[in-house]
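*Asks:* Sharing a structure here in structure tokens format.
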Amino acid sequence: MAGDLRHRRAPPPEDGDEGASPAEESAAAVDNGKEGAGERNGKREALGWLEWGRGWMAIVGEFLFQRIAASHLANPLELPPLDGVSIVVTGATSGIGLEIARQLAQAGAHVVMAVRRPKVAQELIQKWQNENSETGTPLNAEVMELDLLSLDSVVKFADAWNARMAPLHVLINNAGIFAIGEPQRFSKDGHEEHMQVNHLAPALLAMLLIPSLLRGSPSRIVNVNSIMHTVGFVDAEDMNLRKRKYRSWLGYSNSKLAQVKFSSMLHKRIPAEAGINVVCASPGIVDTNVVLGVHYLQHLTPKFQNTVRCLSLKTGLSVLASHTIAIQ
Ligand SMILES: NC(=O)c1ccc[n+]([C@@H]2O[C@H](COP(=O)([O-])OP(=O)(O)OC[C@H]3O[C@@H](n4cnc5c(N)ncnc54)[C@H](OP(=O)(O)O)[C@@H]3O)[C@@H](O)[C@H]2O)c1
């Protein structure tokens, strides 16, 4: 992913271009470095064949070899004591986010589960407290409501957190959707749902929480990304895929590429002295709700199924930690 960023880096802003936001820059940056694709008025319209082939090879390679590539990692990952560290984890009610939140809370961190189903998160905390009762230390976890399909909800969440005037040390933008095979849908804010949930809303959340991240500095924003970004293409004039034919994998991969580009721009825009690091991380292909659609793999022969089996959650978290790449 780091190499990918180097290839697709946007040119530095020219004098007088100071007003462009990171989001605008990130959209413009995707037009750079794409050899061999069709062009319209000098603008690229799609990935070139070479890039497309390279991207899919990376995805197939991950599917086939990820378990070998992850075999050297500690599993489960040992965490240091995290007392006094405040961490917001979005999408902590299932899959990777649930496991991240549980492990961080058990290591002593103050974990804020930012979720759209608060009742489910409350029940999870209760369950973890019961499991933890032997050690006698109550977990420092709480729930706050956040629906990434509503930008109002993002603003409300950030306002509520910032009003505490408390430091935030880590924001983990984990929540995401991959509506495999489903028709295109738009949020009430008018954005294609993958683009809003996987990129726009987390980007807004990160920017709005900067005052709290400054209070917690050195702090970091961790964006849970995906290898699928390698086949993404973001047209700055058609972010919501209204003009071109929609496919769910395209919606997902474009949103993940947009997140990588945005992270890169944001990292460059935040002065080093601020001490806020921005990273994207790829967990591998992990057995969670998001990959339920991949279960057509069950129709493959048992031998092949065994080869392409998804990573377990614990292995996914180890990979996530080892694949956390600073956007330089
Ligand atoms: N699993 C993989 O193989 C894989 C690979 C690469 C990247 N990723 C990335 O990893 C992240 C976590 O995915 P996962 O695999 O753990 O999937 P998951 O089990 O489906 O978890 C997704 C989480 O996001 C939450 N969410 C979805 N829409 C939301 C919304 N509108 N507002 C707030 N929260 C919302 C879900 O909440 P509910 O519980 O309420 O549905 C859930 O907690 C995603 O960003 C995904 O793209 C996963």
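We did not get these values from a lab; they are worked out from the coordinates using the rules stated. Bear in mind the structure is a predicted one, so any value in this text is a computation, not a measurement. Because the Cβ atoms are built from the backbone with ideal geometry, glycine has one as well, and the counts that use them run over all protein chains shown.
*Asks:* Label points 7 Å out from Cα along the Cβ direction at residue 142 and residue 71: separation in nm?
*Replies:* In this crude spin-label approximation the distance works out to 4.6 nm.
*Asks:* Over its Cα atoms, what ratio of radius of gyration to 2.2 N^0.38 Å does region 111-214 give? Kindly include the intermediate steps, with their values, before the conclusion.
*Replies:* Details: Rg = 15.7 Å, N = 104, 2.2 N^0.38 = 12.8 Å.
Here the Cα radius of gyration is 1.22 times the empirical estimate.
*Asks:* Can you give the Rg to Rh ratio for region 99-139, taking only C-alpha atoms and Rh from Kirkwood? Working shown, then result.
*Replies:* Details: Rg = 10.0 Å, Rh = 10.5 Å.
In region 99-139, Rg relative to Rh is 0.95.
*Asks:* Above 22 Å lies some portion of the pair distances; for region 168-268, what is it as a whole percent of all C-alpha pairs?
*Replies:* On the way: 1468 of 5050 pairs.
Roughly 29 percent, once rounded to a whole number.
*Asks:* If the chain between residue 132 and residue 188 were fully stretched, how many nm would it gain, using 0.36 nm times the residue separation less the Cα-Cα distance? Mind dumping the intermediate values first?
*Replies:* Values: separation 56, 0.36 × 56 = 20.16 nm, distance 4.05 nm.
Length gained, residue 132 through residue 188: 16.1 nm.
*Asks:* What are the semi-axes of the equivalent ellipsoid of region 46-91, taken as the square roots of 5 times the eigenvalues of the Cα gyration tensor, listed largest first and rounded to whole Å?
*Replies:* Taking √(5λ) for each eigenvalue gives 35, 19, 7 Å, largest first.
*Asks:* Based on the alpha carbons, how large is the Rg to Rh ratio for region 232-289 when Rh follows Kirkwood? Don't skip to the answer; put the middle values down first.
*Replies:* Working: Rg = 14.6 Å, Rh = 13.5 Å.
Rg divided by Rh gives 1.08.
*Asks:* Give, in nm to one decimal, the length gained when the segment between residue 152 and residue 180 is fully stretched (0.36 nm per residue of separation minus the Cα-Cα distance). Write out the running numbers ahead of the final one.
*Replies:* Values: separation 28, 0.36 × 28 = 10.08 nm, distance 2.64 nm.
Full extension from residue 152 to residue 180 adds 7.4 nm.
*Asks:* Between residue 249 and residue 64, what length comes free when the chain is fully extended (0.36 nm per residue of separation minus the Cα-Cα distance, one decimal in nm)? Provide the component values of the computation, followed by the final result.
*Replies:* Values: separation 185, 0.36 × 185 = 66.60 nm, distance 1.90 nm.
Here the segment from residue 249 to residue 64 would lengthen by 64.7 nm.
*Asks:* While we're here: Just want the ordering: 205, 139, from fewest to most Cβ atoms lying within 10 Å of their own Cβ.
*Replies:* Numbers: 205 25, 139 22.
In increasing order of surrounding Cβ atoms, one gets 139, 205.
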